[in-house]
Amino acid sequence: MELGLRESITTISAYVVWALGILASLNALGFSSTSLAVAFGALGIGLGFGLQNIFNNFISGLILLFERPIQVGDALEINGTWGEVVKINVRSTVVQTWDNASLIIPNSEFVTTQVTNWSFKDTRLRRSIDVGVAYASDVERVRETLLEAARSHPLVLHYPEPSVLFLDFGDSALLFRLRVWTTVKDCLTVETDLRFEITRLFRERGIEIPFPQHDLHLRSVADGIGAFKEKA
């Protein structure tokens, strides 16, 4: 059984047990079903006015547990920050970032706003590495070198296969993009390793990665003065 499904079942079961326990305790104290209905009605009115946010987050938490758009163990991207869901509570969800910080996020945020779930249906994802080479470079050799770097990495998936795009003719370089598939937990390691390997292979094979440059043409001041005197 998946970790997220097991966590949802455990949490929902705990809610049911608590609810049944409270009802049984109230019945044991002599409260009738009519008085309980009146009490819960009054409680509902109070929730509607004074505890609206808490009630909203509680209902949102139930939606998350039943629909499971996010689950424990999922990798999320929230406002540019990556993290892993570690707990879905009654009012909030705990997300641990990859910098080991804990984000306490109200459950309603996951229902009303957009959240990127990188492992919702599949833990695979595609990452891209852009690189520029000098205009004198052999473009076919560049493509083969990039593919060799990708195929030699043990954490790069063989299917879908790595691919190389010739993006554009830049101001100072020919622009290429290497696209590879890997898993969420390995993506940062793969990107870093590939950049090291691409740098090493390019240096071995004499493929230059140029830095931005501009050509500036200056005319002689003396020539300019001479031309001015001739016109005068």
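Annotation: Phe110 fulfils all but one of (1) out of contact with any Ser or Thr (no Cβ under 7 Å at 6 or more places or on another chain); (2) in contact (Cβ under 8 Å) with a residue 24 or more places away in the chain; the unmet one is (1). Within the range 157-177, being in a loop (DSSP other than H, G, I, E, B) and more than 13 Å from Ile129 (Cα to Cα) holds for Leu157, His158, Tyr159, Pro160, Glu161, Gly170, Asp171, Ser172, Ala173.
Picking from residues in the range 178-189 that are of a type outside the set (S, T, N, Q) and in a strand (DSSP E or B), the one that is farthest from Arg127 (Cα to Cα) is Leu178.
What tally of residues in the range 54-83 results from selecting those that are more than 11 Å from Asn107 (Cα to Cα) and part of a helix (DSSP H, G or I)? Reasoning before the result, please.
Filtering the range 54-83 for residues more than 11 Å from Asn107 (Cα to Cα) gives 66-69, 71-83.
Filter once more, keeping what is part of a helix (DSSP H, G or I): 66-67.
Residues that pass the stated criteria total 2.
Which of the following residues is touching a helix residue (DSSP H, G or I) at 6+ places or on another chain (Cβ under 8 Å) and either among the basic types (Lys, Arg) or modelled with pLDDT under 95 (or both): Pro162, Pro106?
Exactly one residue qualifies, and that residue is Pro106.
For the range 135-156, a residue qualifies if it is touching a strand residue (DSSP E or B) at 6+ places or on another chain (Cβ under 8 Å), surrounded by 14 or more Cβ atoms within 10 Å (Cβ to Cβ) and either of a type in the set (Gly, Ala, Ser) or part of a helix (DSSP H, G or I) (or both), and the qualifying residues are Ser137, Val142, Arg143, Leu146, Leu147, Ala149, Ala150.
Criterion first (touching a residue at least 12 places away in the same chain (Cβ under 8 Å), basic (Lys, Arg) and closer than 18 Å to Asp74 by Cβ) does Arg143 satisfy it? Talk me through it step by step, then tell me what you get.
Details: touching a residue at least 12 places away in the same chain (Cβ under 8 Å): yes; basic (Lys, Arg): yes; closer than 18 Å to Asp74 by Cβ: no.
Taking the combined requirement at face value, the residue does not satisfy it.
Total residues in the range 71-84 satisfying the condition of being without any contact (Cβ under 8 Å) to a residue 60 or more places away in the chain and within 18 Å of Lys185 (Cβ to Cβ): the figure is 7. Considering the range 99-128, the residues that are within 11 Å of the chain's Cα centre (by Cα) and outside any strand (DSSP E or B) include one that is farthest from Phe66 (Cα to Cα), namely Trp118.
The values are calculated or read from the model by the stated rules, or taken from the named source; none is laboratory data. Everything numeric here is computed off the predicted structure, so don't read it as measured data. Note: ideal-geometry Cβ built from the backbone for every residue, glycine included; neighbour counts use all protein chains shown.
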